[in-house]
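Working notes, beginning with the structure itself.
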Amino acid sequence: MTPFWSCRETSRLIAEGEPSFWARLHLLYCRHCRRFRRQIRLLGAVARRRAGELALPDVGAVQVRVLSELG
Amino acid sequence: MTLEKAVRAYTGDLLRAAIGFGVPPGQAEELVAATFAAYLAAQQRFEGRSTLKTYLFGILYRKALEAGRKAQKELAVDPADAAFEGRFTGWGHWSAPPQGPEKDADQAEAARLLEECLKGLSDQQKAAFLIKEADGLTSEEVCNALAVSSTHLRVLLFRARAKLRDCLEGKWK
């Protein structure tokens with residue numbers, strides 16, 4: 001059992017996406033947990049960048065095909 | 001919303017989600033067509049409790065998971081849990097503080113590494129992470145789309161992010 005304001009609990013809550021008041025308070029004085037949070041945020045930014053760079057088929061052609069099949 | 005309007009509005013987003021999940025482009029087109037077909041069949045039952053986008057994403061991801069028979073139940077214990085616990089002392093302080101990239105990292109390089117690291121996730125973890133981060137749905141919408149509880153979603157996101165962070169940390173040298 002570790003304190004709820006420990007690095008372990010803080011970083012777990014950050015990774016879950018729902019840091020509590022105590023976790024946010026902990027971040028004020030813990031550089032390692034702040035670094036952990038920045039890395040988790042980086043993951044999100046990189047995932048969005050990756051999605052934007054995916055090579056898609058011709059969307060218009062797919063729309064026409066779907067509508068002709070289902071319309 | 002009519003089928004035509006839905007197709008015009010969401011085909012691009014659904015294709016992007018399918019391909020981002022790892023479905024080959026040809027099959028992604030089939031999956032998107034099947035998603036709209038399922039929507040058309042169940043249109044009367046769509047009660048508007050979620051947005052149409054959430055509803056369509058839910059159909060798409062569930063079909064993607066089912067297609068590969070990959071909708072396994074999330075394990076009670078995942079290797080990510082032990083790896084995470086191993087980073088801390090008994091008192092909960094970092095014994096192995098985080099290393100590796102941060103916000104000013106080369107995002108193009110990080111995106112390339114992320115592609116490799118995504119292979120280490122279970123399909124449910126990958127779906128939860130991508131639908132939340134890349135597709136931009138809220139936690140509540142992700143729960144609706146994937147038909148999981150908020151507790152289950154937190155577990156999926158924790159494991160996905162912990163694995164991806166560890167993987168990037170290991171590769172970023």
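Only the coordinates and a few stated rules stand behind these numbers; no lab work does. Worth saying up front: this structure is predicted, and the values here are computed from it rather than measured. A quick note on method: Cβ atoms are made from the backbone with ideal geometry, for glycine too, and the neighbour counts reach across all protein chains shown.
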Legend entry - Selection status of residue B:140, within 15 Å of the chain's Cα centre (by Cα) and surrounded by fewer than 15 Cβ atoms within 10 Å (Cβ to Cβ): yes
Inset, instruction - Select from the stretch A:17-39 the residues that are at the interface with chain B (Cβ under 7 Å from one of its Cβ atoms) and assigned to a helix (DSSP H, G or I) and write down the one among them that is nearest to residue B:30 (Cα to Cα). - result: A:39
Inset, instruction - Return yes when residue B:109 is within 30 Å of residue B:34 (Cβ to Cβ) and not in a loop (DSSP other than H, G, I, E, B) and no when it is not. - result: no
Inset, instruction - For residue A:42, state whether it is outside any helix (DSSP H, G or I) and either within 30 Å of residue B:109 (Cβ to Cβ) or at the interface with chain B (Cβ under 7 Å from one of its Cβ atoms) (or both). - result: no
Inset, instruction - Return yes or no: is residue B:134 surrounded by fewer than 20 Cβ atoms within 10 Å (Cβ to Cβ) and over 20 Å from residue B:84 (Cβ atoms)? - result: no
Inset, instruction - Restricting attention to the stretch A:24-70, report how many residues are of a type in the set (Gly, Ala, Ser) and in contact with an Asp or Glu (Cβ under 7 Å, 6 or more places away or on another chain). - result: 2
Inset, instruction - Would you check which residues across the stretch A:45-71 are closer than 13 Å to residue B:9 by Cα, of a type in the set (A, V, I, L, M) and more than 7 Å from every other protein chain (Cβ to nearest Cβ) and list them? - result: A:64
Inset, instruction - Go through the stretch B:122-167 and give me each residue that's of a type in the set (S, T, N, Q), part of a helix (DSSP H, G or I) and under 16 Å from residue A:41 (Cα atoms). - result: B:139
